[in-house]
Structures are given as C-alpha cells and as structure tokens.
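The values are calculated or read from the model by the stated rules, or taken from the named source; none is laboratory data. Please read all numbers here as calculations on a predicted model, not as lab measurements. Note: ideal-geometry Cβ built from the backbone for every residue, glycine included; neighbour counts use all protein chains shown. Accessible surface areas use protein heavy atoms only, side chains included; no ligands, DNA or RNA. Shrake-Rupley method; radii C 1.70, N 1.55, O 1.52, S 1.80 Å.
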Amino acid sequence: MTRRALVVRGGWDGHDPTGTTNLVVPFLRNAGFDVTIEESLEIYADEEAMAGTDLVVQSWTMGDILVEEMHGLRIAVENGTGLAGWHGGLLDSFRNATDFQHIVGGQFVAHPGDDVDHEIVVRPERADHPVVQGLESPIRLHTEQYWVQHDPACDVLMTTTHRPGPDTPWHEPVTVPVTWTRRWGKGRVFACTVGHSTAELEHPAIHGIITRGLLWAARPEP
C-alpha cells in the first residue's frame, strides 16, 4: 500500500517555503510516497484526508492557525500521522498556538548575530540513531544559529552551543538542540533547526539528516 505524504507550505516568504520543500518532494516520491502539496492550512481540518496521511512535512513560518485546523493536526498526529520540518517552517510556526508548540516540543526564540560561524554536533550517546548514524561530527556552518526552547520529551540527537561574548546578555555557554525526534501519541515528530535557505538544504550532511528524519517520522509501513 502506497504511503501518503502531505507537504503544507506557506507563511513568511523569507524562508522560501516553495523552494525548500521542492528539494525534498522528489526524495519522498522516490521513497514511494504519494505526495500532495497544499498551500493552505485548511487541509488540517479535513479529518478524512488527515487520517489517510502518513507524513506531514510542514514549512509555514509564523502566521496563524485556526482552532479547527490545530485540532485536526493534533488528532492526526496522536493517531499516527508523522509530523516533520526544519527551521522556521516548523519551529517558528503559529507563535500564539501553544498547542502546536506542545506537539513539536521546541520553539525558536532567537538567532543571535544572524549568520554566524558555528558547529552542530552529534550527541555521542545518540550516535546510533538512524537519523544521525554514521554522520561526521561536528558539521561547521555559516548561517543562523537557532536558539530554541524545548522540553524533556525531545530525544535530542544534535546540539549547538552559543558562546558568550563581551556584548551578549548571557554569561556562560548555552547548548541547545539542533535535531530531535519525539513520540506523540501514536505519531512521531522530527525537527531540525537548520534550513534557512535552499543552499543549506543542499548541503550533503543537512540534506541527509532531514531526509532521514522524514522517513523516521512517517507512519511505519504496514
């Protein structure tokens, strides 16, 4: 039976929701998914469509989500639909929707210094997880270094550390998640803070992390 993936994209154009998701659609199709693309959140309120969806890939920065849309997404994930995304398309969505943040497990709050040189590192104790297994670490990047708030239900696979400086308001190194997985009801959630532009998603290591994460989050094949 063919699994169904739903790509939901929109919101703030600065994260190029069309261009970035177009980079993963061919991968999903090659992996055997029947892919539907929606540029509206209304699909979340369609109970039948969501029940038949095995993976939601969301790229929707900021914006607002209606109560019935949020309810539909929540019920779908709790019943086994996977939810995955990267950067602001998942971690800076619907800033006033705490129900959404509850499901995802993390929320963007800052990227100090904007584009900066930094490293992302695999946690040694999680190096055998299928999303990061065999990945060379650290990965050095020059882009936004997300600072996210998260909760203990996240299985953190990779981290980055914000170093204090003479002009920073924090005084000690602060290590935050970059990549995590999470189980929510019968569903799975995958999040990655990297992915500001198509250039980042074309980075071989980042592309590998995200595509592996999509497969991990999807409802398992029957």
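In segment 1-93, counting only helices (runs of 4 or more DSSP H) that sit wholly within it, the ones holding 2 or more residues that are aliphatic (A, V, I, L, M) span 25-30, 47-51, 67-78, 87-91. Of everything in segment 8-58 that's β-branched (Val, Ile, Thr) and open to solvent by 40 Å² or more (accessible area, probe 1.4 Å), which residue is nearest to Gly195 (Cα to Cα)? Among those that are β-branched (Val, Ile, Thr) and open to solvent by 40 Å² or more (accessible area, probe 1.4 Å), it is Thr18. Would it be correct to say that Thr179 is of a type outside the set (D, E, K, R), part of a strand (DSSP E or B), buried (at least 18 other Cβ atoms within 10 Å of the Cβ) and over 14 Å from the mean Cα position of the chain (by Cα)? In short, no. Annotation note: Cβ proximity below 6 Å between a residue of segment 133-147 that is open to solvent by 20 Å² or more (accessible area, probe 1.4 Å) and a residue that is hydrophobic (A, V, I, L, M, F, W, C) (sequence gap 6+ or interchain) occurs for Leu135/Val122; Ser137/Val121; Ser137/Val122; Pro138/Val121; Trp147/Val109; Trp147/Ala110; Trp147/Val176.
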